[in-house]
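Chemist: Below you'll find the structure I mean.
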Amino acid sequence: MPAPSYSLQLGKTALIFFPPFYPDTRTEHPSADAQVVQVIIKPRKSTKRCIELFYKFERDITTAIESLLLGHIVARLPERVTIEGEGYALRGHRRPWKYGQTFVKFSWGEKELRAGDDKWIFELDPE
């Protein structure tokens with residue numbers, strides 16, 4: 001998976017759009033529909049060290065979270081996950097995304113997108 005052209009921000013909710021996933025290029029039947037997933041990264045403690053770590057590794061963190069979310073779309077992951085990085089741990093958990101399922105509609109041009117079943121909350125923990 002190539003590095004994303006954006007970075008998630010610390011303490012700000014983001015919506016990540018995923019296209020349909022086609023595991024086999026010979027078929028036009030996706031294994032997962034195009035969908036939108038809500039994600040947020042919160043600092044465990046709002047310390048200078050935590051903020052410095054995030055901005056030093058924001059691209060790596062964004063790529064790791066994107067990969068994890070794609071894995072969850074294709075094959076559901078456990079409710080809690082941990083990603084260990086250089087000097088930090090990113091601890092994530094998922095919850096049902098009721099608001100996304102009930103109150104909003106997403107589209108990409110004329111194509112309607114499905115809201116993900118879960119939203120993900122990550123906590124950045126300097127080690």
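The values are calculated or read from the model by the stated rules, or taken from the named source; none is laboratory data. Note that the coordinates shown come from a computational prediction; the quantities given were computed from them, not determined experimentally. Note: ideal-geometry Cβ built from the backbone for every residue, glycine included; neighbour counts use all protein chains shown. Heads up: the accessible areas ignore ligands, DNA and RNA and are worked out on the full protein's heavy atoms, side chains in. Shrake-Rupley method; radii C 1.70, N 1.55, O 1.52, S 1.80 Å.
Chemist: Let me spell it out: the conditions are (1) over 19 Å from K119 (Cβ atoms); (2) assigned to a helix (DSSP H, G or I); (3) among the charged types (D, E, K, R), and E66 meets all of them except one. Which number is the exception?
Modeler: If we test E66 against (1) over 19 Å from K119 (Cβ atoms); (2) assigned to a helix (DSSP H, G or I); (3) among the charged types (D, E, K, R), just (1) comes out false.
Chemist: Next question, about the same structure. Go through F54, F122 for me and flag whichever is surrounded by 15 or more Cβ atoms within 10 Å (Cβ to Cβ), modelled with pLDDT of 95 or more and of a type in the set (A, V, I, L, M, F, W, C).
Modeler: Residue meeting the stated conditions: F122.
Chemist: Here's a check for you: in segment 89-112, which residue that is assigned to a strand (DSSP E or B) and open to solvent by less than 20 Å² (accessible area, probe 1.4 Å) is farthest from Y55 (Cα to Cα)?
Modeler: Only one residue fits best here, namely G92.
Chemist: Hey, another quick one. Given the conditions (1) open to solvent by less than 30 Å² (accessible area, probe 1.4 Å); (2) within 25 Å of A34 (Cα to Cα), and given that P78 satisfies all but one, which numbered condition is not satisfied?
Modeler: Unmet for P78, out of (1) open to solvent by less than 30 Å² (accessible area, probe 1.4 Å); (2) within 25 Å of A34 (Cα to Cα): (1).
Chemist: Consider A89 against the criteria (1) over 27 Å from K45 (Cβ atoms); (2) in contact with a strand residue (DSSP E or B) (Cβ under 6 Å, 6 or more places away or on another chain): it satisfies all of them except one. Which criterion is unmet?
Modeler: Among (1) over 27 Å from K45 (Cβ atoms); (2) in contact with a strand residue (DSSP E or B) (Cβ under 6 Å, 6 or more places away or on another chain), the lone unmet condition for A89 is (1).
Chemist: Okay, next question. For the structure I just gave you, tell me whether L124 is in contact with a Leu (Cβ under 9 Å, 6 or more places away or on another chain), part of a loop (DSSP other than H, G, I, E, B) and not small (G, A, S).
Modeler: No, not satisfied.
Chemist: Do we find that E66 is farther than 14 Å from L10 by Cα, in contact with a strand residue (DSSP E or B) (Cβ under 8 Å, 6 or more places away or on another chain) and at pLDDT 90 or above in this structure?
Modeler: Yes.
Chemist: Could you tell me whether any residue of segment 43-58 is within 21 Å of T13 (Cβ to Cβ) and of a type in the set (G, A, S)?
Modeler: Yes, the conditions are met somewhere in segment 43-58.
Chemist: Still on this model: If H72 satisfies every condition in (1) more than 16 Å from R44 (Cβ to Cβ); (2) not in a helix (DSSP H, G or I) but one, which is the exception?
Modeler: (2)
Chemist: Six or more apart or on different chains, Cβ atoms under 6 Å: show the pairs whose first residue is in segment 103-118 and of a type in the set (K, R) and whose second is not in a strand (DSSP E or B).
Modeler: As it stands, the answer is R114/D33, since those pairs meet every condition given.
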